[in-house]
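**Student:** Pasting a structure here, questions to come.
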């Protein structure tokens, strides 16, 4: 990193040496880089803006301005600065890559892919870039193109593990389950304690109705990470979907214990209590969920059901009104249950 820093300083010196501000700009660049390295991104933004106002022809300054905005989650400002860096220096590889990342966050996926492909012209054997292109396609639900990009990344560097899981997910979403299984098993061989690989493989098995295999892999996942809420939720789903509500209960409770603000887990736990006729406990979980997300129709619907089964029809009708305002298809369903009880 020290070597890169010295290179950038030399570049700044070369660019500004003919101006009266050259020494000041060099000092400012060093200051901005120091602020960036110490994660003081807000100050770094101001410093690099000052440099760019004095001399708008220093690509490295726009690059670090872009990175600072990026670290502050200011993705449009980051993209603007990084694009300027690339305009000033068309072979600026790092700027192209981070420009693609910023555009991904902005959901400008085609522009992101274009930036990655421009970078790929400079480093055609970069497995990482093929992976990033795959992510952009995946985010657009273009799973065939995503799979092709992930396959290219793995072909170029079989030891690069990041594409394996995403390739498995792409195959899963394409319902190419045997291929998804094969890729995830390869990932497990490469990373024997990769929790998500075990959990995702379990989910692929569950989608095929192979519940025994699914449970085995889910349990292996949580043996490595007992805080992995998603896997506990998936375990609960196996039992819930086969109406084994008592068996599902401890897994949903663990998911909520690990992630108490996860609305989906709260709703599933509420549903389980409701099926076990533990209506007060169901209502408590739904109430927690709607406090976190009042627009969640499933939480509001569940809350309405709990009121019905607790004999509180007036409150249940209030839930019906909420569902109507949310334009939920569950509104009429709830009304039918209210009238039937």
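**Student:** When N counts the residues of the chain, how does its alpha-carbon radius of gyration compare numerically with 2.2 N^0.38 Å, as a ratio?
**Tutor:** Compared with the compact-globule rule of thumb, the chain sits at 1.31.
**Student:** Tell me, what is a quarter of the convex hull surface for the C-alpha atoms of the stretch 24-183, in nm² with one decimal? Kindly include the intermediate steps, with their values, before the conclusion.
**Tutor:** On the way: hull surface 38.5 nm².
So the mean shadow area of the Cα hull is 9.6 nm².
**Student:** Can you compute the radius of gyration and Dmax for the stretch 124-239, using only the Cα atoms, both in Å?
**Tutor:** 14.1, 48
**Student:** Using a 10 Å cut-off on Cβ atoms, rank the peptides 319-329, 178-188 from the highest mean neighbour count down.
**Tutor:** Ranked from most to least packed, the peptides come out as 178-188, 319-329.
**Student:** Still on this structure, I have one more. Which whole-number percent is the relative contact order of the stretch 260-341 (Cα, under 8 Å, 6+ apart)?
**Tutor:** For the stretch 260-341, the relative contact order is 23 percent.
**Student:** Let me ask you something else. Would you mind getting the Kirkwood hydrodynamic radius of the stretch 260-341 from its Cα pairs, rounded to one decimal in Å?
**Tutor:** Across the stretch 260-341, the inverse of the average 1/r is 12.1 Å.
**Student:** While we're here: With the Cα gyration tensor of the stretch 59-116 giving a ≥ b ≥ c as the square roots of its eigenvalues, does the rule (a/c under 1.5 for rounded; else a/b larger than b/c for prolate; else oblate) give rounded, prolate or oblate? Present the calculation step by step, with values, prior to reporting the outcome.
**Tutor:** Working: a/c = 2.12, a/b = 1.11, b/c = 1.90.
The shape class here is oblate.
**Student:** State, to one decimal in nm, how far the label point of residue 315 lies from the label point of residue 276, with both points 7 Å from Cα in the Cβ direction.
**Tutor:** 2.0 nm
**Student:** While we're looking at this one, here's another question. As I understand it, the value is the acute angle between the Cα axis of helix 195-207 and the longest principal axis of the Cα atoms of the chain; what does it come to in degrees, rounded to 10?
**Tutor:** The helix 195-207 is inclined about 50 degrees to the chain.
**Student:** Then there is this: For the stretch 214-262, what is the largest minus smallest coordinate of the Cα atoms on each principal axis, given in angstrom and ordered from greatest to least?
**Tutor:** So the extents along the principal axes, rounded to whole Å, are 26, 25, 12.
**Student:** If you don't mind, another one. For the chain, what is the mean residue ellipticity at 222 nm derived from helices alone (per DSSP H run of n ≥ 4: -39500 (n - 2.57); sum divided by total residues; nearest 500 deg cm²/dmol)?
**Tutor:** Values: 20 runs with 270 residues, N = 341.
When only DSSP H runs of four or more count, the value is -25500 deg cm²/dmol.
**Student:** A follow-up question, please. Measure nothing fancy, just the Cα-based angle from helix 279-292's long axis to the longest principal axis of the chain, in degrees from 0 to 90, nearest 10.
**Tutor:** Tilt of helix 279-292: around 20 degrees.
**Student:** Using a 7 Å offset from the Cα along the Cα-to-Cβ direction at both residue 46 and residue 76, what is the distance between the two label points in nm, to one decimal?
**Tutor:** Each label point lies 7 Å from its Cα, and together they span 2.4 nm.
**Student:** Another question, then. At q = 0.12, 0.16, 0.18, 0.25 Å⁻¹, what is the base-10 log of I(q)/I(0) for the stretch 117-182 according to the Debye formula with one equal point scatterer per Cα and no solvent? Please give it to two decimals.
**Tutor:** Once normalised to I(0) and log-transformed, intensities are -0.26, -0.46, -0.57, -1.00.
**Student:** Between residue 105 and residue 182, what is 0.36 nm times their sequence separation minus the Cα-Cα distance? Round to one decimal in nm.
**Tutor:** Details: separation 77, 0.36 × 77 = 27.72 nm, distance 3.03 nm.
Gain on stretching residue 105 to residue 182: 24.7 nm.
Bear in mind that the values in this text are calculations on the coordinates, not laboratory data. Since this is a predicted model, take the numbers as computed values, not measurements. Neighbour counts run over all protein chains shown; Cβ positions are idealised from the backbone, glycine included.
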